[in-house]
Amino acid sequence: MEKKVQQKYLRKIFLGFINIHILRHANKKPFFGSWLMEHLEKHGYKVSPGMVYPMLHKMEEEGVLKTEKIKEDDGKIRIYYGITETGKKILEEAEKQVIELSKNLKK
């Protein structure tokens, strides 16, 4: 039971960090979903399309991300995710809180 509880809480924390990571990259430049999955994997996050795309869609519905369909040179249409003004405000506050929390973790 203890291991199950531990996994449950670590997943909640993990998802919060992924949301911040998504906002951070959307703030730099728009990205598409498969790029995000590859990028997160490089950072050690094991993610699947069944996890990432619902997160991106929910963030769009909540008004923190916006989408744009762009036709690539190969003719493929990709959906790019960018940050909204609301998303920028949330990212700014989240970054402040993460910095403050990380300082307190070392005490």
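The values are calculated or read from the model by the stated rules, or taken from the named source; none is laboratory data. What you see is a predicted model; the values in this text were computed from it and never measured. Cβ coordinates were reconstructed from backbone atoms using ideal geometry, including for glycine residues, and neighbour counts include every protein chain displayed.
Can you give me the number of residues within region 41-62 that are assigned to a helix (DSSP H, G or I) and either among the aromatic types (Phe, Trp, Tyr) or in contact with a helix residue (DSSP H, G or I) (Cβ under 8 Å, 6 or more places away or on another chain) (or both)? Break it down stepwise before answering.
In the first step, residues of region 41-62 are kept if they are assigned to a helix (DSSP H, G or I); the result is 41-42, 49-61.
Subset that is either among the aromatic types (Phe, Trp, Tyr) or in contact with a helix residue (DSSP H, G or I) (Cβ under 8 Å, 6 or more places away or on another chain) (or both): 49, 52-53, 55-56, 59.
Summing the residues that are assigned to a helix (DSSP H, G or I) and either among the aromatic types (Phe, Trp, Tyr) or in contact with a helix residue (DSSP H, G or I) (Cβ under 8 Å, 6 or more places away or on another chain) (or both) in region 41-62 gives 6.
Looking only at region 65-91, which residues are hydrophobic (A, V, I, L, M, F, W, C), within 9 Å of Pro30 (Cβ to Cβ) and under 17 Å from the mean Cα position of the chain (by Cα)? Write out each step before concluding.
From region 65-91, those hydrophobic (A, V, I, L, M, F, W, C) are 65, 70, 77, 79, 83, 90-91; that's our starting set.
Among the residues that remain, those that are also within 9 Å of Pro30 (Cβ to Cβ) are: 70, 83.
Selection gives Ile83 alone.
Got a number for residues in region 71-107 being touching a Phe, Trp or Tyr at 6+ places or on another chain (Cβ under 8 Å) and hydroxyl-bearing (Ser, Thr, Tyr)?
2
If the requirement is being part of a strand (DSSP E or B), exposed (fewer than 15 other Cβ atoms within 10 Å of the Cβ) and at pLDDT 90 or above, which of these qualifies: Glu68, Glu38?
Glu68 is the lone residue from the list that is part of a strand (DSSP E or B), exposed (fewer than 15 other Cβ atoms within 10 Å of the Cβ) and at pLDDT 90 or above.
Ala26 fails exactly one of the following numbered conditions: (1) of a type in the set (Gly, Ala, Ser); (2) touching a Gly at 6+ places or on another chain (Cβ under 7 Å); (3) outside any helix (DSSP H, G or I). What is the number of that condition?
The one condition Ala26 does not meet is (3).
If you scan region 77-107, which residues turn out to be surrounded by 12 or more Cβ atoms within 10 Å (Cβ to Cβ), assigned to a helix (DSSP H, G or I) and of a type in the set (S, T, N, Q)?
Thr86
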